[in-house]
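Novice: Got a structure for you, questions after.
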Amino acid sequence: MLVQDVMQREVITITPETTLPEALDLSRRRGVRHLPVLKEGRLVGIVSDRDLKRAMASPATALERHELAYLLEKVPVEEIMTRAVITAVAELPVEEAARLMVKEKISALPVTAEGRLVGIVTETDVLNLFVRAMGAGEPSSRLDILLPEGSASLGEVVAAIEDAHAGIASIVTLPGHNGRRDVVARVRTIDPGPAIKRLEARGFVVRNPWRG
């Protein structure tokens, strides 16, 4: 799946001249945590609600409260915005976008095409995709299966689950300890007992099945 499949296309934006109180009010009213900054249609920066709250609450002043509020009303976001914006393209795989956010310790990526903003993908969008991909939104059971060392394959896991007539909602493999692989399978039943028995009969270890 690509970024274009999960990104938000209707992006709330501001300009460099937008004041801090205006940006914070917009963020709260529209329920967004990231505001790309556009100048003449080009992306020139980004501010987060955290940036805005930190700037609005700065204690580094001896001014009276009303004086500080008056000054902040005049401060444009270009004074605090992040100018070196890390972006993504719509054709980027979602997992690469997630890796980039983890690496750079950021929670949103504006999506651009030829310098123009076409969307934004956030950590929430990625988490929603993860929930969907893992089949967590439907009645099911989650099985953590340890693949034994040697020639055991994912196909054998699938065959064991299908032998128990348990439909597979999702299945992924993850690197485990000591070079072994873990399989996380979600089956469409709240009684995974038969599937567990079939797996164990084939030599697999099933850890702490979860029903929900």
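Novice: Residue by residue through the range 43-56, note down the ones that are of a type outside the set (A, V, I, L, M) and closer than 11 Å to Pro16 by Cα.
Specialist: Once the filter is applied, which keeps residues that are of a type outside the set (A, V, I, L, M) and closer than 11 Å to Pro16 by Cα, the range 43-56 yields only Gly45.
Novice: For Pro59, only one of the following conditions fails: (1) at pLDDT below 95; (2) not in a loop (DSSP other than H, G, I, E, B). What is its number?
Specialist: Only one criterion in (1) at pLDDT below 95; (2) not in a loop (DSSP other than H, G, I, E, B) is unmet by Pro59, namely (2).
Novice: For the range 129-174, give me each residue that is small (Gly, Ala, Ser) and out of contact with any helix residue (DSSP H, G or I) (no Cβ under 9 Å at 6 or more places or on another chain).
Specialist: Once the filter is applied, which keeps residues that are small (Gly, Ala, Ser) and out of contact with any helix residue (DSSP H, G or I) (no Cβ under 9 Å at 6 or more places or on another chain), the range 129-174 yields Ala133, Gly135, Ser140, Gly150, Ser151, Ala152, Ser153, Gly155, Ala169.
Novice: Next question, about the same structure. Go through (1) more than 23 Å from the chain's Cα centre (by Cα); (2) closer than 30 Å to Pro21 by Cα one by one and return the number of the condition Ser107 breaks.
Specialist: Every condition holds for Ser107 apart from (1).
Novice: Cβ contacts < 8 Å: first residue closer than 12 Å to Asp5 by Cβ, restricted to the range 73-98; second residue part of a loop (DSSP other than H, G, I, E, B), any location; separation 6+ or different chain. Result?
Specialist: Ala90/Met7; Pro93/Met1; Val94/Met1; Val94/Val6
Novice: Still on this structure: I need the full set of residues from the range 187-209 which are touching a helix residue (DSSP H, G or I) at 6+ places or on another chain (Cβ under 7 Å) and charged (D, E, K, R), in order please.
Specialist: Arg198, Arg202
The values are calculated or read from the model by the stated rules, or taken from the named source; none is laboratory data. This is a predicted model, so every value here is computed, not measured. A quick note on method: Cβ atoms are made from the backbone with ideal geometry, for glycine too, and the neighbour counts reach across all protein chains shown.
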